[in-house]
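Worksheet: the structure to be examined is printed underneath.
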Amino acid sequence: MDRYERILTLHRILQQARYPVPLARIMDELACSRATAYRDIAFLRDALGAPVDSEGDEAAFRYAADEAERFELPGLWLNSEELQALLALNELVGRTGPGILVSTLAPFRSRIERLLSNHGDGKAFPLQRIRVIGSGTRKIDEATFRHVASAVLGRRKLKFRYRARTSNEITQRHASPQRLTHYRDNWYLDAWDHDRDALRSFAIDRISDVQLLETAAEDRDEAELNRHLASSYGIFSGQPKATATIRFSPHAARWVADEHWHSQQQGEWLKDGRYELRLPYSNSRELLMDVLKYGADAEIVAPVSLREEMKIMLQLAVGAYQ
């Protein structure tokens, strides 16, 4: 353990301790000699200003009770494992979409790599060992993403052009951004659409010509946002219209039972080894596509309308191969 990590470990030990910590325990935790422990304690107290108190002829140490919670080490102090986890997280964020935030995160990434190098005696860390595989990721304009993110965090209204995926029609929108959502490897803007007077979710890859307005955004209640945008299955908004019941074969059940499909899902194992999943939905399109990927290992039981929709989709799919 190098000095950096010893100081960080010592700080955390004293900060969390309710009673004076014996020097023997400090030496054991830091894996160091008595002289090194005393030097680290002195550095923590004299150079970093920590409120270190000693008891019993300096055989035990603690932070002054009235200052323990307020004191923090100056600057950014992370151990090697925390830095490695942060670098892995940085790698994940940097690959959430082609080019998104790459230039913005570059200095941050370099800083983390330098800190790790200092911890590892100059050893380079094999970032190629961290794999982030996107699925169906759509290309986003980086400037558009930054404007949208700034509006969400800065609570300012937006004007933009939006090309609907279903009709390919372009419309001008005036919206108060509410949340930025990352869903299935793509980014969406949840916003109050002033032109439609309703909550809407916009795919950021379909947004263009963004204008960040000086007007403050109108905030909607968190309960309203969850009720409208998170109560139904998938990315589609609106109140649930029905509850789907899907049964999976014993083979597929081993995967589905561990999967999170919806915050309000209910599941149970059947006596024959199958797994029954129930969840609310408003628009059936995305739900049907997700069930289809299980092929013959999934059966929609209810409601009848959803079962019939699936039957039609399967018949059309078979027809394409005839």
Ranked output for segments 43-53, 201-211 by mean other Cβ atoms within 10 Å, highest leading, reads 201-211, 43-53
Relative contact order in percent for region 23-71 (Cα pairs under 8 Å, 6+ apart) equals 26
Checking region 251-315 for chymotrypsin sites (Phe, Trp or Tyr not before Pro) in a loop per DSSP with at most 10 other beta-carbon atoms within 10 Å yields none
Answer in debye to the nearest 20: the dipole magnitude of region 159-262 about its Cα centre, from +1 Lys/Arg and -1 Asp/Glu charges placed on Cβ, is 500
In terms of the charge dipole of region 164-293, which places +1 on Lys and Arg and -1 on Asp and Glu at the beta carbon, the residue among ASN283, ILE246, SER167 farthest towards the positive end is ILE246
Mean accessible area per residue over region 279-322 (1.4 angstrom probe, all protein chains present, square angstrom) is 61
Region 1-64 and region 259-322 have their Cα centres apart by a whole-number Å value of 59
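The values are calculated or read from the model by the stated rules, or taken from the named source; none is laboratory data. Computed from a prediction, not measured in an experiment: that's the story for all the values here. Cβ coordinates were reconstructed from backbone atoms using ideal geometry, including for glycine residues, and neighbour counts include every protein chain displayed. SASA here: full protein model, heavy atoms, side chains in, ligands and nucleic acids out. Shrake-Rupley method; radii C 1.70, N 1.55, O 1.52, S 1.80 Å.
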